[in-house]
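K.L.:
Mind looking over this structure? Questions follow.
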Amino acid sequence: MGTNKNNITWCMIVVLLLMVSCDKKRVFDEYEAIPDQRWHKSNQLAFQFAVQDTLQKHQMFVNLRNNKDYPFSNLFLITEMTFPDGTIVTDTLEYDMTDVTGKFLGQGFSDVKENKLLYKENITFPVKGAYTFKIRQSMRKNTEVSGIEVLEGVTHVGFRIEKTRK
């Protein structure tokens, strides 16, 4: 009996390792958990990564996991990319989070949906060195000037960089 359990365990480990190693496009992929699934507008997340290749084209994504408590059909984000030479590029982004019927977009069978949101495509990094990508939520109700203090239903926010095919 014990041998079968050991064999199954080893097979599962091998399959997991193969799945992780097959992601050849991945350059950077990191997530931050949102405390209590409540993203405060003052909670700016930061992801740091190093660039050595200034010739390879890349795609960049904001990865976001939300649950059924997310109250909106869209999402506004403010991002800030700091280059090694001190240059800062700021973007305001809007993403659809539901289809026209109100059903959440993204992957997942449970109440949690994972969204891979395109941030930049076919870009090259102009300088080698350490970069920082910062992101914060910037949601507001249509009739209000000040932003929503706490955005419910966001469980994780991530940043991913992939190599594009040559």
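K.L.:
In nanometres, what is the gap between the two model label sites at F72 and H40, each 7 Å from Cα along Cα-to-Cβ?
P.N.:
Between F72 and H40, the simple spin-label model gives 1.9 nm.
K.L.:
If you don't mind, another one. Report relative contact order for the chain in percent, whole number only (criteria: Cα-Cα under 8 Å, sequence separation at least 6).
P.N.:
41
K.L.:
Using 0.36 nm per residue, how much length does the chain from R165 to N122 gain when fully extended, once their Cα-Cα distance is taken away?
P.N.:
Between R165 and N122, full extension yields an extra 14.5 nm.
K.L.:
Right, here's the next one. Restricting to Cα pairs below 8 Å that are 6+ residues apart, what does the relative contact order work out to for the range 57-139? Please round to a whole percent.
P.N.:
46
K.L.:
Can you tell me which of 86-94, 107-115 comes out highest on packing, and rank the rest after it, using the mean Cβ neighbours within 10 Å?
P.N.:
107-115, 86-94
K.L.:
Starting from the Cα gyration tensor of the chain, take the square roots of the eigenvalues, sort them a ≥ b ≥ c, and report rounded, prolate or oblate (rounded when a/c is under 1.5, otherwise prolate if a/b is larger than b/c, else oblate).
P.N.:
It comes out oblate by the Cα gyration axes.
K.L.:
OK, next. So what's the gap between the Cα centers of the range 31-79 and the range 134-166, to the nearest angstrom?
P.N.:
A separation of 6 Å, based on Cα centres.
K.L.:
Which order do the peptides 156-165, 33-42 take when ranked by the mean count of other beta-carbon atoms within 10 Å per residue, highest first?
P.N.:
Peptide ranking by packing, descending: 156-165, 33-42.
K.L.:
Projecting each Cα onto the charge dipole of the range 44-143 (Lys/Arg +1, Asp/Glu -1 at the beta carbon, about the Cα centre), which of S110, N63, T124 comes out farthest on the positive side?
P.N.:
S110
Where a number appears in this text, it was derived from the coordinates with a stated rule and is not lab data. Please read these numbers as outputs of a predicted model, since none were measured by experiment. Here Cβ is always computed from backbone atoms with ideal geometry, including for glycine, and neighbour counts include all displayed protein chains.
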